[in-house]
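What follows is one structure encoded as structure tokens, with my remarks underneath.
The values are calculated or read from the model by the stated rules, or taken from the named source; none is laboratory data. For clarity, every value in this text was computed on a predicted model and none was experimentally measured. Counting neighbours? That spans all protein chains shown, and the Cβs are built from the backbone with ideal geometry, glycine included. Side chains included, ligands, DNA and RNA excluded: accessible areas come from the protein's heavy atoms. Shrake-Rupley method; radii C 1.70, N 1.55, O 1.52, S 1.80 Å.
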Amino acid sequence: KAGVTQTPRYLIKTRGQQVTLSCSPISGHRSVSWYQQTPGQGLQFLFEYFSETQRNKGNFPGRFSGRQFSNSRSEMNVSTLELGDSALYLCASYSGGFDEQFFGPGTRLTVL
Amino acid sequence: SQQGEEDPQALSIQEGENATMNCSYKTSINNLQWYRQNSGRGLVHLILIRSNEREKHSGRLRVTLDTSKKSSSLLITASRAADTASYFCATDTSNDYKLSFGAGTTVTVRA
């Protein structure tokens, strides 16, 4: 069974630009969550999708948005990038219930 | 805000020794999961323990959960160089599925 796939793995952008990250969950999983990891703040929850609906949202500005498609693949978008958005962005794939959540390899975003 | 706190922040042990790290959390949980992360890469799922369980084993890993003390421990026996990594505990609650992570324990296994 294939694991969680995230693309791209690395990304370099400049301030003010926007970026779209993609996550393909494990086959059969209907939920995807996104997390931001930085040295200062650690791992922080961004949002969670189940069957194309956002079920939960973390405490991030509106510049961070996401969506989920009918095949459970998810994208997150960050507009008007700031230096502080430089981070490792991780997505988690799970069934949708209180079960194991499996993470992808992450996308390393650097904002210059 | 972070739900969990790992202790110690860092741990250095000799190959073959056991490594123990602890996680404390603040509110009632559904599940507690342990993850390993190697040098800024993705999180590898190690084990999930449910709130009605007290102990689980997986290979060289042993996890305990004490809901009365709101704490969990992860024991890695007979450590290897490949166990060098950061270890995180993550909890979810009955209200939602999001995971709340601690700051992690960095484990270094010396050859």
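Quickly run through region A:76-92 and pick out the residues that are open to solvent by 10 Å² or more (accessible area, probe 1.4 Å), outside any strand (DSSP E or B) and away from chain B (no Cβ under 14 Å).
A:Ser79, A:Thr80, A:Glu82, A:Leu83, A:Gly84
Do we find a residue being under 29 Å from A:Ser86 (Cα atoms), more than 15 Å from the chain's Cα centre (by Cα) and modelled with pLDDT under 95 anywhere in region B:1-20? Among the residues of region B:1-20, at least one is under 29 Å from A:Ser86 (Cα atoms), more than 15 Å from the chain's Cα centre (by Cα) and modelled with pLDDT under 95, which makes the answer yes.
Quick check: is even one residue across region A:83-92 free of Cβ contacts under 8 Å to residues at least 40 places away in the same chain and aliphatic (A, V, I, L, M)? Looking through region A:83-92, none of the residues is free of Cβ contacts under 8 Å to residues at least 40 places away in the same chain and aliphatic (A, V, I, L, M). Residues in region A:23-40 that are within 12 Å of A:Ala87 (Cβ to Cβ) and either acidic (Asp, Glu) or buried (at least 16 other Cβ atoms within 10 Å of the Cβ) (or both): A:Trp34, A:Tyr35, A:Gln36, A:Gln37.
I'd like to check which strands (runs of 3 or more DSSP E) are fully inside region B:3-111 and have at least 1 residues that are more than 12 Å from chain A (Cβ to nearest Cβ) and either touching a Phe, Trp or Tyr at 6+ places or on another chain (Cβ under 8 Å) or open to solvent by less than 40 Å² (accessible area, probe 1.4 Å) (or both). Before the answer, list the steps.
On the way: elements: B:4-7, B:10-14, B:19-25, B:31-37, B:43-50, B:55-58, B:61-66, B:71-76, B:85-93, B:96-101, B:105-110.
Per the criteria, B:10-14, B:19-25, B:61-66, B:71-76, B:85-93, B:105-110.
Could you tell me whether region A:46-54 includes any residue that is more than 14 Å from chain B (Cβ to nearest Cβ), open to solvent by 10 Å² or more (accessible area, probe 1.4 Å), touching a strand residue (DSSP E or B) at 6+ places or on another chain (Cβ under 7 Å) and free of Cβ contacts under 8 Å to residues at least 40 places away in the same chain? For region A:46-54, residues more than 14 Å from chain B (Cβ to nearest Cβ), open to solvent by 10 Å² or more (accessible area, probe 1.4 Å), touching a strand residue (DSSP E or B) at 6+ places or on another chain (Cβ under 7 Å) and free of Cβ contacts under 8 Å to residues at least 40 places away in the same chain: present. Within the bounds of region A:63-70, is there any residue that is touching a residue at least 40 places away in the same chain (Cβ under 8 Å), away from every other protein chain (no Cβ under 12 Å) and either open to solvent by 30 Å² or more (accessible area, probe 1.4 Å) or closer than 17 Å to B:Ala90 by Cβ (or both)? No, there is no match, as no residue in region A:63-70 is touching a residue at least 40 places away in the same chain (Cβ under 8 Å), away from every other protein chain (no Cβ under 12 Å) and either open to solvent by 30 Å² or more (accessible area, probe 1.4 Å) or closer than 17 Å to B:Ala90 by Cβ (or both).
Selection within region A:93-112: residues that are assigned to a loop (DSSP other than H, G, I, E, B) and in contact (Cβ under 8 Å) with a residue 40 or more places away in the chain. The member of this set that is farthest from the other protein chains (Cβ to nearest Cβ) is A:Leu112.
Is it true that A:Leu43 is away from chain B (no Cβ under 12 Å) and either open to solvent by less than 40 Å² (accessible area, probe 1.4 Å) or of a type in the set (Asp, Glu) (or both)? No, not satisfied. Determine, yes or no, whether A:Thr20 is open to solvent by 50 Å² or more (accessible area, probe 1.4 Å), part of a strand (DSSP E or B) and farther than 27 Å from B:Ile47 by Cα. In short, yes.
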